[in-house]
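Presented below is the structure to which this report refers.
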Amino acid sequence: MRYFMILLSMLFLSGCIPYADHALTKPNKEQIDPSILGTWFWKDDRELGYIHIGLDKETKLIRLIMIEMKKDGRLKSTELFGHTSSLKGNKYLNLKWTHPEDNKSTGYMFMKYSVTSDGLGIGFMNSEVAEKAIKAGTLKGKVEKGKWLSSVYITEGSEKLQKFILKNDKALFPEMKYLARLKLPDHKVK
């Protein structure tokens, strides 16, 4: 699990995640998948954390809040909003940053997800596959070379983006990492 959270933090902060101008589907076009709502967690010898996924009262979109607590007591929080998309049986999250505010990414990031009775599987988009498609001209976008990493920004419209993702799903989302669902005991405050 440690590997998963290191990967999650690096992806969110580094620019390794491809961002897109357009969501896979329009927000509020389809109902938010209720199976993703809840609290998910991880715990290892160095940290623990929770991902809370619920609905925003005003926008009716998903609000995702991630809280990490390091062994030394330091806390880190991340907040995103977005919606779910279902494409031919595959489920995806369309997410945008809201916190930390200094994150420069303004587009959508996509994650494939799967919900089981006990866990939430999350697959991050492989930026190399998107970068190669942009360079080959099969996907509209731009690639900006950085000192160590490239920033990948997809400008393709939703309809063609859906087709590209469905055609390349296995290469774009090669791995799922699972978080456990937090199951609270029945407890009444006295």
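Data for the structure
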| item | result |
| --- | --- |
| Relative contact order %, the chain, counting alpha carbon pairs below 8 Å whose residues are six or more apart | 24 percent |
| Chain lengthening between residue 46 and residue 90 when straightened (0.36 nm per residue, less Cα-Cα) | 12.5 nm |
| Charge sum, other residues only, whose C-beta stays under 14 Å from residue 61's C-beta, Lys/Arg counted +1 and Asp/Glu -1 | +1 |
| Helix 158-167 axis, angle to the chain major axis (alpha carbon atoms, nearest 10°) | 80 degrees |
| Residue-averaged [θ]222 nm for the chain, counting only DSSP H segments that reach four residues, each worth -39500 (n - 2.57) | -5500 deg cm²/dmol |
| Overall Cα dimensions of the chain - principal axes, largest extent first, Å | 62, 38, 30 |
| Anisotropy class of the range 113-174 from Cα gyration tensor, a/c 1.5 cut | oblate |
| At R0 = 25 Å, FRET efficiency that the Cβ-Cβ distance of residue 57 and residue 183 yields, to 0.05 | 0.50 |
| Where labels lie 7 Å past Cα in the beta-carbon direction, separation of residue 159 and residue 171 in nm | 2.4 nm |
| Helix axis angle, 2-14 relative to the chain longest principal axis, alpha carbon, degrees | 50 degrees |
| In the range 155-190, the GluC sites (Glu not before Pro) that fall in loop regions by DSSP, at most 14 other Cβ within 10 Å | 175 |
| Candidate aspartates and glutamates - alpha carbon under 12 Å from residue 26, same-chain residues fewer than 8 apart omitted | 159 |
| Lys, Arg +1 and Asp, Glu -1 on Cβ, resulting dipole of the chain about Cα centre, debye, nearest 20 | 160 debye |
| Computed FRET value (nearest 0.05) for residue 69 with residue 147, which takes r as the C-beta separation and R₀ as 25 Å | 0.20 |
| Charge dipole (the chain, unit charges on Cβ, about Cα centre) - positive-most of 22, 174, 85 | 174 |
| Angle in degrees between helix 127-136 and the longest Cα principal axis of the chain, rounded to the nearest 10 | 10 degrees |
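Every read-out reported here was derived from the displayed coordinates using simple, explicitly stated rules and does not represent laboratory data. For clarity, every value in this text was computed on a predicted model and none was experimentally measured. Reconstructed Cβ throughout: ideal geometry from the backbone, glycine too, with neighbour counts over all protein chains shown.
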